[in-house]
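Heads up, the thing below is written out as structure tokens.
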Amino acid sequence: MSKKSNKALVLLSGGLDSSVVLSVCQDKGYDIYAISFDYGQRHKVELEYAKFQATFFNCISHEVFKMEFYGGSALTDEIKVPKNRDSHSMSKDIPVTYVPSRNIVFLSFATGYAECHDIDNIFIGVNAIDYSGYPDCRKNFIDNFEKLINKSTKKGLEGSKFKINTPLINLSKKDIIKLGHKNGVDFSMTSSCYSPKLKKNCGVCDSCLLRKQGFEEAGLRDPARI
């Protein structure tokens, strides 16, 4: 079995959570590689912030990969983004902002990239606490996907095993923000909004409302533009 490397691959969207994950990797002293995806998302402005964060946290490389995604989501199709919902409404069902199989696709791509670059640790900013109920953000999915890639790749069978790291999965938005603040994340250069206008957040989509609540509970001011 080959020796574990000090490399980390971060799936970097340019949003708040993935930027905090990036800060965690820097704090742990990893050699960081970052990848982002342009998949036709309506909030594509986040890719500009991803580029900033990758530079800010001294990533060895940052690559953006373009994908032709399918519809079926308010983030990729002509479906209205929900607005002004309370937490009960958000947690009732899997929301229309869910992109079918997105994290399956992204983590599959990340696995191939990591195998090519001999990277053992893959980091993703999924979170199972704040409302979403997205099926591909849960620990059960992550654990089983990790088992799958270690049984279906040359690296997993003959080299050092892959580890999918989810440092935020059990943290509240408040705690994620406090962690990012401690690690020096520039939150003004992150985007959480599902339906931004230029670089301004709408302030009323589910993601904006959860972000607002998180900053309030953390006792911090959100520098993002609304």
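Numerical summary
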| quantity | calculated |
| --- | --- |
| Residue that is in contact (Cβ under 8 Å) with a residue 24 or more places away in the chain and either out of contact with any Cys (no Cβ under 8 Å at 6 or more places or on another chain) or over 14 Å from Leu11 (Cβ atoms) (or both), where the choices are Leu107, Leu148 | Leu107 |
| Selected residue (criterion: nearest to the chain's Cα centre (by Cα)) from residues of the stretch 111-145 that are in contact (Cβ under 8 Å) with a residue 40 or more places away in the chain, assigned to a helix (DSSP H, G or I) and within 25 Å of Lys173 (Cα to Cα) | Pro135 |
| Selected residue [under 27 Å from Ala218 (Cα atoms) and crowded, with 17+ Cβ neighbours inside 10 Å] from Leu168, Leu107 | Leu168 |
| Total residues in the stretch 90-110, condition at pLDDT below 95, among the hydroxyl-bearing types (Ser, Thr, Tyr) and either in contact with a helix residue (DSSP H, G or I) (Cβ under 9 Å, 6 or more places away or on another chain) or assigned to a loop (DSSP other than H, G, I, E, B) (or both) | 3 |
| Scan of the stretch 73-89 for residues that are small (Gly, Ala, Ser) and in a helix (DSSP H, G or I), ordered by number | Ser87, Ser89 |
| Filter result (without any contact (Cβ under 8 Å) to a residue 24 or more places away in the chain, over 25 Å from Pro82 (Cα atoms) and either of a type in the set (Lys, Arg) or not in a loop (DSSP other than H, G, I, E, B) (or both)) within the stretch 176-221 | Lys182 |
| Some residue of the stretch 41-64 being among the aromatic types (Phe, Trp, Tyr), within 23 Å of Asn150 (Cα to Cα) and touching a residue at least 24 places away in the same chain (Cβ under 8 Å) | no |
| Yes/no for Ile104 being under 14 Å from the mean Cα position of the chain (by Cα) and more than 27 Å from Gly71 (Cβ to Cβ) | no |
| Per-region count, the stretch 15-29, residues touching a residue at least 40 places away in the same chain (Cβ under 8 Å) and charged (D, E, K, R) | 2 |
| All positions within the stretch 32-72 that are in a loop (DSSP other than H, G, I, E, B) and over 17 Å from Ser191 (Cβ atoms) | Asn58, Cys59, Ile60, Met67, Glu68, Phe69, Tyr70, Gly71, Gly72 |
| Condition check for Ser18: more than 16 Å from the chain's Cα centre (by Cα) and of a type in the set (S, T, N, Q) | no |
| Residue that is out of contact with any strand residue (DSSP E or B) (no Cβ under 9 Å at 6 or more places or on another chain) and either at pLDDT 95 or above or over 19 Å from Asn201 (Cα atoms) (or both), where the choices are Tyr49, Tyr33 | Tyr49 |
| Residue match in the stretch 44-61 (condition: of a type in the set (A, V, I, L, M), over 28 Å from Ser5 (Cβ atoms) and surrounded by 14 or more Cβ atoms within 10 Å (Cβ to Cβ)) | yes |
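The values are calculated or read from the model by the stated rules, or taken from the named source; none is laboratory data. Owing to the predicted nature of the structure, the values given are computational and were not obtained by experimental measurement. Please note: Cβ atoms are built from the backbone with ideal geometry, for glycine as well, and neighbour counts cover all protein chains shown.
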